[in-house]
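Shown next, in structure tokens, is the structure this report addresses.
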Amino acid sequence: MGLRLLRLHGHHVSADVFRHFEKDGEFFCYSGQSTQPITGMYNLNRACQLLFPGEKILEDAKRFSFKFLREKQASNELLDKWIIAKDLPGEVGYALDTPWYASLPRVETRFYLDQYGGADDVWIGKTLYRMHTINNNKLLELARLDYKNCQALHLLEWDTIQRWYIECHLGEVGTCKKNLLFAYYLATASIFEPEKSKKRLAWTKTKIFMEAIVSYFENEGSSAEHRRAFLREFRKIGSNEDRANNMWHKETILGQRFVPILLRTINQLLVDAQLTHGEDIRDNLHQAWEMWILTWQDEGDMRRREAELVVRTINLCADCRAPEQLSQLSHPRHKHLSDVTNEVCYKLLQFQNQKPSRNKQIHDNDEFNTTLQIESDMQELVQLVLCASSDDIDLDIKQTFLAVAKSYYYAAHFTPATIDFHVAKVLFESVI
């Protein structure tokens with residue numbers, strides 16, 4: 001637990017510490033004991049998921065602890081000899097089914113509200129006792145109140161997003177309400193704090209914009225000329241706001257009414273960003289979208305750099321409040337983070353698209369290798385985000401890269417039925 005918490009907060013901790021708890025390929029909490037406590041193996045497994053590239057000791061510990069906990073779960077033995085807890089099997093089950101890369105903060109919190117026993121949890125030593133600073137009903141009460149307050153705000157935002165969706169006629173461009181809800185859910189489950197509303201809205205709108213564009217060009221089987229025409233229209237609208245307003249009902253070279261609607265909405269996002277900061281960042285945001293369009297106008301692969309656009313739009317609309325923050329977007333560290341995030345998210349999208357054609361267990365060697373590549377990329381990204389350097393960029397900007405990558409991992413990891421269950425539980429189900 002110490003290693004996990006210290007790494008999450010940017011402190012350097014060597015993984016070699018775990019060599020003191022390994023012997024002959026097996027890991028233990030207390031040397032010489034014939035049985036190991038569930039909570040110890042549970043925390044070992046969670047810590048090992050924050051491994052960096054090349055940390056074999058953590059890879060070994062991760063495999064061992066996962067196998068140990070799965071076997072205990074299968075034999076209905078997820079009970080600990082040190083504690084009588086409300087729902088230890090539920091806590092461990094969540095960790096086994098939800099790797100840290102796929103664990104979105106609000107989802108984890110929502111489940112833990114049901115699992116945490118408060119003052120009813122009892123610790124076992126030479127006698128039974130309670131640890132009031134760890135198991136406390138006031139903590140549970142405060143957590144529930146905080147969740148309810150955040151949930152109420154999120155539902156108000158969801159109403160706003162739905163009105164925006166209708167006013168922008170986005171239903172006409174191939175984006176359905178369910179996809180809108182999923183986009184907002186991913187943003188909210190990842191960045192939930194009340195003061196970060198603009199981040200969530202920028203994230204949601206960007207994902208829906210991109211989905212509309214991708215849906216049109218993929219479904220229509222458009223040519224390179226159509227894609228170049230789209231870029232020309234986008235550049236014209238970016239340089240003249242009045243033209244965007246006048247094009248609402250005008251046919252374009254693409255012959256589709258939705259194109260000016262879509263571009264007009266993107267233009268409105270630029271205006272909103274300017275009003276938020278009191279500075280003109282329209283050029284920066286417009287350039288970010290133009291860079292994304294340029295990546296696929298010739299080759300037509302629209303997914304390869306979409307994660308970078310999501311992150312950049314979020315940071316421009318919500319984080320960049322001063323010129324020095326804007327300058328970080330051209331920082332070499334920022335480019336490295338962008339490249340790694342784009343690569344892992346693109347692979348996750350490919351993996352997700354293959355899911356209907358594969359069995360629950362992975363048998364295909366190529367697909368298994370792809371999974372190993374994804375894990376390797378995620379390890380590198382986690383290290384870039386959590387490890388500070390002397391020439392670094394703002395931590396909030398780095399954390400946005402990780403939040404977006406984890407949302408892609410989440411979407412690729414879970415089935416649609418499980419995701420629907422999470423959406424209902426996190427956004428709409430009342431906390432009792």
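The values are calculated or read from the model by the stated rules, or taken from the named source; none is laboratory data. Fair warning: this is a prediction, and the values are worked out from it, not measured in the lab. We place every Cβ from the backbone using ideal geometry, glycine too, and count neighbours over all the protein chains shown. Ligands, DNA and RNA are stripped out before the accessible areas are found, and what is left, the full protein with its side chains, is counted by its heavy atoms. Shrake-Rupley method; radii C 1.70, N 1.55, O 1.52, S 1.80 Å.
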Exercise. Arrange the peptides 379-385, 419-425 so that the one whose residues have, on average, the most other Cβ atoms within 10 Å appears first.
Key: 379-385, 419-425
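Can you give the accessible area per residue of the range 32-94, in Å², using a 1.4 Å probe? Write out the running numbers ahead of the final one.
Details: 2990 Å² over 63 residues.
It amounts to 47 Å² per residue over the range 32-94.
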Exercise. Please say if the range 367-432 is rounded, prolate or oblate, where rounded means a/c under 1.5 for a ≥ b ≥ c the square roots of the C-alpha gyration tensor eigenvalues, and otherwise the choice is prolate for a/b larger than b/c and oblate otherwise?
Key: oblate
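Would you please put 66-74, 303-311 in order of how densely packed they are, using the mean number of other Cβ atoms within 10 angstrom per residue and starting with the highest? If you can, show how the numbers build up before the last one.
Numbers: 66-74: 14.9, 303-311: 22.3.
Final packing ranking: 303-311, 66-74.
Per the 1.4 Å probe, what fraction of the accessible area of the range 69-185, in percent, lies on carbon and sulfur atoms?
Values: 3630 of 6220 Å².
Using a 1.4 Å probe with all protein chains present, the range 69-185 comes out at 58 percent carbon and sulfur.
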